[in-house]
């Protein structure tokens with residue numbers, strides 16, 4: 001799969017539409033849902049593009065998280081909603097829900113080795129997302145403190 005083909009565009013659109021639905025479900029109303037949907041679509045498209053060029057799952061998750069958190073910081077301030085709302089909605093496509101499913105399936109089947117592999121992979125992805133959010137949030141907080149000091 002190439003990074004800039006119709007499959008990537010289709011996956012971007014599905015992520016965009018699903019995050020719009022999630023945003024509406026969580027009581028975000030009006031034109032603001034378009035920005036959270038765009039964040040979700042960008043998260044998934046950036047993940048696919050970085051994965052294609054780096055061939056590293058964790059690096060692609062980290063890179064997509066960093067870029068989408070920067071997008072969220074900039075966008076939320078412009079449209080007047082809390083940054084956490086945009087970050088949470090935008091990061092959802094990267095959350096490793098399938099890893100939890102496969103871990104539980106292996107555990108219920110009695111395959112502890114497979115379950116251990118899946119839970120380790122899932123926790124590494126979740127930790128990478130958390131670190132990416134923390135890095136962007138900390139840098140943004142530091143920049144705001146420096147700018148407000150002068």
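The values are calculated or read from the model by the stated rules, or taken from the named source; none is laboratory data. Treat the numbers as computed from the prediction; the structure is a model and nothing was measured. Neighbour counts run over all protein chains shown; Cβ positions are idealised from the backbone, glycine included.
Residues are listed down the side, and each one gets a yes or a no for (1) closer than 27 Å to residue 6 by Cβ; (2) free of Cβ contacts under 8 Å to residues at least 60 places away in the same chain:
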| position | (1), (2) |
| --- | --- |
| 51 | yes, yes |
| 66 | yes, no |
| 74 | no, yes |
| 79 | no, yes |
| 90 | yes, no |
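From 51, 58, 38, grab the single residue that is over 22 Å from residue 144 (Cβ atoms) and surrounded by fewer than 18 Cβ atoms within 10 Å (Cβ to Cβ).
58 is the lone residue from the list that is over 22 Å from residue 144 (Cβ atoms) and surrounded by fewer than 18 Cβ atoms within 10 Å (Cβ to Cβ).
Among 100, 46, 57, 51, which is the only one that is under 23 Å from residue 139 (Cα atoms) and under 18 Å from the mean Cα position of the chain (by Cα)?
46
If you go through the stretch 2-23 one residue at a time, do you hit one that is part of a loop (DSSP other than H, G, I, E, B) and on the phi > 0 side of the Ramachandran plot?
For the stretch 2-23, residues part of a loop (DSSP other than H, G, I, E, B) and on the phi > 0 side of the Ramachandran plot: absent.
What's the number of the condition residue 18 fails, among (1) within 24 Å of residue 131 (Cβ to Cβ); (2) surrounded by fewer than 20 Cβ atoms within 10 Å (Cβ to Cβ)?
The single condition residue 18 does not satisfy is (1).
Hey, residue 28 hits all of (1) assigned to a helix (DSSP H, G or I); (2) at pLDDT below 95; (3) surrounded by 16 or more Cβ atoms within 10 Å (Cβ to Cβ) but one; which does it fall short on?
Result: residue 28 fails condition (1) only.
For every residue, the table says whether it meets (1) touching a helix residue (DSSP H, G or I) at 6+ places or on another chain (Cβ under 9 Å); (2) surrounded by 12 or more Cβ atoms within 10 Å (Cβ to Cβ); (3) modelled with pLDDT of 95 or more.
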position	(1), (2), (3)
84	yes, yes, no
96	yes, yes, no
99	yes, yes, no
117	yes, yes, yes
126	yes, yes, yes
136	yes, yes, yes
145	no, no, no
148	no, no, no
